[in-house]
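Working notes, beginning with the structure itself.
The values are calculated or read from the model by the stated rules, or taken from the named source; none is laboratory data. Since this is a predicted model, take the numbers as computed values, not measurements. Glycine also receives a Cβ, built like all others from the backbone with ideal geometry; neighbour counts cover every protein chain displayed. Keep in mind that these areas ignore ligands, DNA and RNA; they rest on the heavy atoms of the full protein, side chains included. Shrake-Rupley method; radii C 1.70, N 1.55, O 1.52, S 1.80 Å.
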Amino acid sequence: MTTTTPQATSSREPRTLGSRLGGAFGPWFLPTVAAVIIFGIMVALRPLVASPTGLNLVLAPLIPLIFAVLAQMFVIAAGDIDLGIGSFIGLGNVVMAVVLPQNLGLGLLMLALMVVAYAAMGVLIAVRGLPSIVVTLGMSFVWLGIAILILPTPGGAVPAGIMSFAKFTTPVIPGVIIVLTVVTVVVALFLNRTKYGAVLRGSGSNAEGVRRAGWSVIKTKVSLYALAGIFGLLSALYLSGQTGGGDPYIASSYVLLSIAGVIVGGGSFKGGEVSVVGAVAGGLVIGLLGSLLQFIGVSSSFQAAAQGLVLVLVLVLRALAGWIQKVRSTQ
Amino acid sequence: MTDLDTRVATRPRTPKLSDRALRVLKHAAAPAFIGMIIVWLAIGAIAGRGLWDTLSAGVIIATFLVIVGIGQLFVITVGNGGIDLSVSYVMTLSAFLSCQIMAGQDGNIVAGLVGGVVAGVLAGTVSAILIEFVGMPPLVGTLAVGFGLQTITLIYSGSVVGVASPALAAFTTAQIGPIPIFGLLGIVIAVIFAIILKRTSYGRRVEAVGQKPIAAGFAGTNPALIRASAYVISGGMAGLAGVFLAAYSGGPSLGLGSSYQLASIAVVVLGGSLIAGGRGIVSGLWAGAVLLTLLTTLANITRLSGGWQFIIQGALIVIVLALSKNPLARK
């Protein structure tokens, strides 16, 4: 289809602006550029940021957020939205800081059960046709409640192994770059280059098509929610390793930030339309924006608002681009 | 037109009018009322407190939830994935605004109430525009407005020291004989909105749009406008609840509305309204609000940890959703 016949070009000609705008807001190009620009501004403000140590310092806090964004991306790929990922990561953090050091077996069992519970949540949403927003919001209180039962006030001590794992780095290439690259490549290859990856992406946009092709829609939902759970725990792993302690509320801001990351990264709420590279870049944009605001001395209470504003702005611009495209194509 | 309206108005019920008790039990609001009575009796049995005192205290505190919940019910009932995640922020902002207007003077009660409600209506209008005319998903539109309001409140609350009018504060706890006036107000508001939803042309349109927007459109209703109106109502109701709650709790605080976000959705679900939209049950919502309030009382008198309260509230909403009738459920 990419080989354009003269007719196709002529019909596409009048809406170059629209399609160019649409293309610019497409999967991964724009968020990557935005992330690079924000990073460039930070380097311009503080040149030390570009050094390996600086990179580690600036990017390390973003690693847990990127994992949360990827977890959210799997749920959005299923056509759903996850409002519970923040509390889930908080519970993971508490288990790693309190249960794991005392009883390794029990801690690992709890973490495994958490992933199973996430998958079960996917089954419930798929089988009963429930709105994911309400179910995940309800479950977020369950995760939070369990975390508070285990650890009423912030505390605990994360095992040294997790801490050294999270702080892994090499003298030449900063550890954060390695982690980011490996995760992005592995997830992107899985979703974009494997057969099951295509089925998973398809289940959100065209569940009926996936069903008719002989795949179980419920199984795809279970897979996506289980993946979300696993990436939520990876986020908790890095968060625990970096902070060294447990706090049920540690990741509460990740709910909005992860959704914003996926959407800024070119994802769509219609489901199926997600880009792994875009989501990682979107997470970087959202996270770096927070660091940049901190750099220029904006109070932390306004950071959430600024990050929310970026989300709204992207959606408004995208609606505008879609609208321009529609107007041009109908003319 | 009228023919169609009446047809929509009659809910599918068992035609057997003879078995009245069964009909009452089969009503969608019945589980909420039964649950409310069970918890009420349980408190009486455990605490040995007067049953009437327990109920009247519960009904007073539930009224805030009833008022917010009704707004949420309208948003959920218009369907299209409608949900209002800004109510807690609207409540907090309205609380600060109304207390500044009232400034501890009884003469300013009306101005304070109007100010709080108008602020909520404005917030709801912005949500409605973002969702229905920009095309954002309800989750993102209301969350974006919520974060905007949170920022406004953060900036604004630093400069005001507002006090609610003493008369309004007294009103929220006043009693005529054994009957709490504020609790009565909650019932009156619930009855008014039940009549609006079930007996007026507007209310029938709200449910019709939630059931089949296209059919409602053919019947001469503008679905986008009806949906937009629901967000405006929700904003106004949240504003009203914020004013009353500030008066009741002696003054505004930044965390004033936070517990009402999940609770406002929970009472809609508990009350037997369809989460997918198309059927709103205000009587069930009232019972659900009293049930939730009494559950908190029960948790407090049995000295249950705060963690358990979160778990119970979260699990309750998920379990009720899982068990409730749902037209979207897979067979």
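Report, in order of residue number, the helices in chain B meeting two criteria: a C-alpha extent of 24 Å or more along the helix axis, and a mean Kyte-Doolittle hydropathy of at least 0.0; treat each whole DSSP H run as one helix. Don't jump to the answer; show the numbers that get you there.
Details: long enough: B:30-47 (25 Å, 2.27); B:51-77 (34 Å, 1.91); B:109-128 (28 Å, 2.05); B:138-157 (27 Å, 1.33); B:181-199 (26 Å, 2.46); B:223-248 (37 Å, 1.32); B:282-301 (29 Å, 1.65); B:306-323 (26 Å, 1.95).
The answer, listed by residue number, is B:30-47, B:51-77, B:109-128, B:138-157, B:181-199, B:223-248, B:282-301, B:306-323.
Quote the charge dipole size of segment B:204-331 about the Cα centre in Debye, to the nearest 20; the model charges only the Cβ of Lys and Arg (+1) and of Asp and Glu (-1).
Computed charge dipole of segment B:204-331: roughly 480 debye.
Taking chain B as a Gaussian network, where each spring joins two C-alpha atoms under 10 Å apart, which residue of B:K26, B:K198, B:K212 fluctuates the most?
Maximum fluctuation in the GNM of chain B, among the listed residues, is at B:K26.
When a/c reaches 1.5 or more, the comparison of a/b and b/c decides; with that in mind, is segment A:73-180 rounded, prolate or oblate per its Cα gyration tensor? The partial results should precede the final answer.
On the way: a/c = 2.40, a/b = 1.41, b/c = 1.71.
Because a/c hits 1.5 or more and a/b fails to exceed b/c, segment A:73-180 counts as oblate.
What does the charge count around B:V78 come to, taking other residues whose C-beta lies under 13 Å from its C-beta (Lys +1, Arg +1, Asp -1, Glu -1)? Mind showing how you got there, number by number?
On the way: positive: B:R204, B:R205, B:K212, B:R227, B:R279; negative: B:D84, B:E132, B:E207.
Combined, the nearby Lys, Arg, Asp and Glu give +2.
Testing the spin-label approximation: label points 7 Å from Cα along Cα→Cβ at B:I34 and B:F171. State their distance in nm.
Each label point is offset 7 Å from its Cα along the Cβ direction, giving 3.8 nm.
Leaving out ligands, DNA and RNA, calculate the buried accessible area for the pair A and B with a 1.4 Å probe, summed over both sides, in Å² to the nearest 100. Provide the component values of the computation, followed by the final result.
Working: alone 15900 and 15590 Å², together 28430 Å².
That pair hides around 3100 Å² of surface in total.
For B:Q175, enumerate residues with amide H under 5 Å from its amide H, sequence gap 5+ or separate chain, H modeled in the peptide plane.
B:I181
Tally Lys and Arg at +1 and Asp and Glu at -1 over the other residues with C-beta under 13 Å from the C-beta of B:W40: what net charge comes out? Don't skip to the answer; put the middle values down first.
Details: positive: B:R49; negative: B:D53.
Net charge in that neighbourhood comes out at 0.
Where in segment B:20-36 is the amide nitrogen less than 17 Å from a point lying 7 Å along the Cα-to-Cβ axis of B:I187?
The answer is B:33-34, B:36, whose backbone nitrogens lie closer than 17 Å to the label point.
With n ≥ 4 as the cut-off for DSSP H runs, can you work out [θ] at 222 nm for the protein assembly as shown, using -39500 (n - 2.57) per run divided by the number of residues, rounded to the nearest 500? Don't skip to the end; give the middle numbers.
Working: 31 runs with 478 residues, N = 662.
For the protein assembly as shown, the value works out to -24000 deg cm²/dmol.
Can you check what the net charge comes to around B:V191, using other residues whose Cβ is under 15 Å from the Cβ of B:V191 (Lys, Arg +1; Asp, Glu -1)? Don't skip to the end; give the middle numbers.
Details: positive: B:K198, B:R199; negative: none.
With Lys, Arg at +1 and Asp, Glu at -1, the neighbours total +2.
Can you compute the FRET efficiency between B:L304 and A:L45 using 1/(1 + (r/R0)^6), with r the Cβ-Cβ distance and R0 = 56 Å? Round to the nearest 0.05. Walk me through the numbers before you get to the answer.
Values: r = 50 Å, r/R0 = 0.90.
Using R0 = 56 Å, I get an efficiency of 0.65.
List the residues of segment B:297-314 for which accessible area in the full set of protein chains is at least 40 Å² lower than for the chain on its own; 1.4 Å probe, protein heavy atoms only.
Listed in order, they are B:F310, B:I311.
For segment B:84-169, what % of the accessible area comes from carbon and sulfur atoms, probe 1.4 Å?
Working: 2230 of 3090 Å².
The C+S portion of the solvent-accessible surface of segment B:84-169 is 72 percent.
Nearest 10 degrees, 0 to 90: what angle lies between the long axis of helix A:104-128 and the longest principal axis of chain A (Cα atoms)?
Helix A:104-128 sits roughly 30 degrees off the main axis of chain A.
Name the residue farthest towards the positive end of the dipole of the protein assembly as shown from the options A:V199, A:S132, B:F193, assuming +1 on Cβ of Lys and Arg, -1 on Cβ of Asp and Glu, about the Cα centre.
A:V199
Rolling a 1.4 Å sphere over the protein heavy atoms, what is the accessible area per residue of segment B:163-204, to the nearest Å²? Please report the intermediate quantities before stating the final value.
Details: 2040 Å² over 42 residues.
Counting only protein heavy atoms, the per-residue value for segment B:163-204 is 49 Å².
Sequence gap at least 6, Cα distance under 8 Å: using those rules, report the relative contact order of chain A to the nearest whole percent.
Dividing the mean separation by the residue count of chain A yields 34 percent.
Over the Cα atoms of segment B:44-189, how large are the radius of gyration and the largest Cα-Cα distance (Dmax), in Å?
Final numbers for Rg and Dmax: 17.7, 55 Å.
Residue separation times 0.36 nm, minus the C-alpha to C-alpha distance between A:N192 and A:M163: what's the value? Mind dumping the intermediate values first?
Details: separation 29, 0.36 × 29 = 10.44 nm, distance 3.22 nm.
Taking A:N192 through A:M163 to full extension adds about 7.2 nm, to one decimal.
What FRET efficiency, computed as 1/(1 + (r/R0)^6) with R0 = 35 Å and r the Cβ-Cβ distance, is obtained for B:F133 and A:S301, rounded to the nearest 0.05?
Values: r = 30 Å, r/R0 = 0.86.
My answer for the efficiency is 0.70.
Accessible area drop of at least 50 Å² (1.4 Å probe, protein heavy atoms): which residues of segment A:147-177 qualify, relative to the chain alone?
A:L149
For segment B:16-90, what class follows from the C-alpha gyration tensor (a ≥ b ≥ c being the square roots of its eigenvalues): rounded when a/c is under 1.5, otherwise prolate if a/b is larger than b/c, else oblate? Before the final figure, lay out the partial values.
On the way: a/c = 3.17, a/b = 1.18, b/c = 2.69.
Since a/c reaches 1.5 but b/c is at least a/b, the shape of segment B:16-90 is classed as oblate.
Just to be sure I understand the model, the point goes 7 Å from the Cα along the line to the Cβ. What's the resulting A:N56 to B:S259 distance in nm?
Result: 4.5 nm between the two label points.
List the residues whose amide H sits under 5 Å from the amide H of A:G267, counting only those 5 or more places along or on another chain, with H placed 1.01 Å from N in the peptide plane.
A:S275
Ignoring ligands, DNA and RNA, what accessible area per residue does segment B:220-308 give at 1.4 Å, in Å²?
Details: 2510 Å² over 89 residues.
That works out to 28 Å² for each residue.
So if R0 is 56 Å, what FRET efficiency would A:I37 and B:A219 give, r being the distance between their Cβ atoms, rounded to the nearest 0.05?
Numbers: r = 51 Å, r/R0 = 0.90.
After rounding to 0.05, the efficiency reads 0.65.
I'd like to know how chain B sits against the 2.2 N^0.38 Å rule of thumb: what's its Cα Rg over that expected value? Present the calculation step by step, with values, prior to reporting the outcome.
Details: Rg = 19.7 Å, N = 331, 2.2 N^0.38 = 20.0 Å.
Relative to the rule-of-thumb radius for its length, chain B sits at 0.99.
Where in segment B:242-290 does accessible area fall by at least 50 Å² between the isolated chain and the complete protein assembly, at a 1.4 Å probe radius?
B:L262
Using a 1.4 Å probe on the protein heavy atoms, what percent of the accessible area of segment A:87-188 belongs to carbon and sulfur?
Details: 3290 of 4090 Å².
Solvent-exposed carbon and sulfur of segment A:87-188 make up 80 percent of the total.
What residues have an amide H closer than 5 Å to that of A:G246, excluding those fewer than 5 places away on the same chain, when H is modeled at 1.01 Å from N in the peptide plane?
A:G155, A:G156
Need one number: nm distance between label points at A:K326 and A:Q294, each 7 Å from Cα along Cα→Cβ, rounded to one decimal.
Calculated label separation equals 4.0 nm.
Does the protein assembly as shown come out rounded, prolate or oblate, given a ≥ b ≥ c as the square roots of the eigenvalues of its C-alpha gyration tensor, rounded meaning a/c under 1.5 and, failing that, prolate meaning a/b above b/c?
Numbers: a/c = 1.55, a/b = 1.32, b/c = 1.18.
Prolate, since a/c reaches 1.5 and a/b exceeds b/c.
Total Lys pairs in the protein assembly as shown closer than 21 Å by alpha-carbon, pairs eight or more apart in sequence or interchain only?
16
Of B:L298, B:L270, B:L245, which is the most mobile in a GNM of chain B whose springs link Cα atoms less than 10 angstrom apart?
Between B:L298, B:L270, B:L245, it is B:L298 that shows the largest mean-square fluctuation.
Got a number for the accessible area of B:M136? Probe 1.4 Å, square angstrom, nearest 10.
Approximately 10 Å² for this residue.
Identify which of A:K219, A:K167, A:K195 has the largest mean-square fluctuation in a Gaussian network model of chain A, with springs joining Cα atoms closer than 10 Å.
Judging by the Gaussian network model, the answer is A:K195.
Could you bin all the Cα-Cα distances of segment B:225-327 into 5 Å bins starting at 0 and give me the percent of pairs in each, rounded to whole numbers?
In order of increasing distance, the bins hold 2, 10, 17, 22, 21, 16, 8, 3, 1, 0 percent.
With bins 10 Å wide starting at 0, give me the P(r) of segment A:197-331 over every alpha carbon pair, in whole percents.
11, 30, 32, 20, 6, 1
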